[in-house]
Amino acid sequence: MFQEQLPSADEVSRTLADILAGPEFQAFEGGLSSRVLAELWVRFWDWVRGMFPGISESQAELLTVVVAAVCLGAVAYVVLRALPQTGPQSARRDPEAVPDERRSARDWLRIAAERARASEYRHAATALYQGFVLTLERRGAVDSHPSKTPGEYALEVAGGEVIDERAKDDAANFIRSFQELAFGQETPTSSGYRGLEQLADHVGCEVTGEAGR
């Protein structure tokens, strides 16, 4: 019963040609695209019949449709994989592709870990500092703003009541160590950066602890 409902090859070819003849598919002058695709469909149909000489007409039609669908699906998959990834998942895979103002604390901490693995400790410290500030903001200890200096954040943390005294001390030590490592004259070392990571961890930053590995 299902086979009796299948259209013939000529009907499918004519229908395909009618659809492609519409204005939205007229990418080539004179409907050339529709004629070419319709001809390809007929040749594909003949190829299926030639490959399976004992197959019935209905079975050949069904096989043609299935194979064509599989081929189109494969082409669509390849095209989609080739497109640039711009969704939320891609942003998570590559935090550096996200604009600075839209990066989360976790984004900055991931960037810090990548820079530390590349032994770029000044850059890693700067990214870690950004993650540190956003972590404190999430805890309600500071209000982050691009114009604020590390010293201003230190005063804001010290004068607040959201975090305990030990966390305040750790935050003050982090800011002092960050300024020495990022802006000091000495070349930053792996051990110095690991110490900065530990201080960040004490105030709630989700550091990876992979510096120098």
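Listing for the model above:
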item: Full-extension gain in nm, Ala97 to Glu186, via 0.36 nm per residue minus C-alpha separation; result: 29.0 nm
item: Cβ-derived FRET efficiency at R0 22 Å, Glu152 paired with Asp201, nearest 0.05; result: 0.45
item: Gain on full stretching of the segment that runs from Arg106 to Asp169 - 0.36 nm per residue minus C-alpha separation; result: 20.4 nm
item: Modelled FRET efficiency - R0 30 Å, Arg176 with Ala118, Cβ distances, 0.05 increments; result: 0.75
item: The range 109-210: GluC sites (Glu not before Pro) in DSSP coil with no more than 16 other Cβ atoms inside 10 Å; result: Glu120, Glu161, Glu186, Glu206, Glu210
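A short reminder: the numbers here are calculations on the coordinates, not readings from a lab. All of these numbers come straight from a predicted model, not from anything done at the bench. Every residue, glycine as well, gets a Cβ built from its backbone with ideal geometry; the counts of neighbours run over all protein chains shown.
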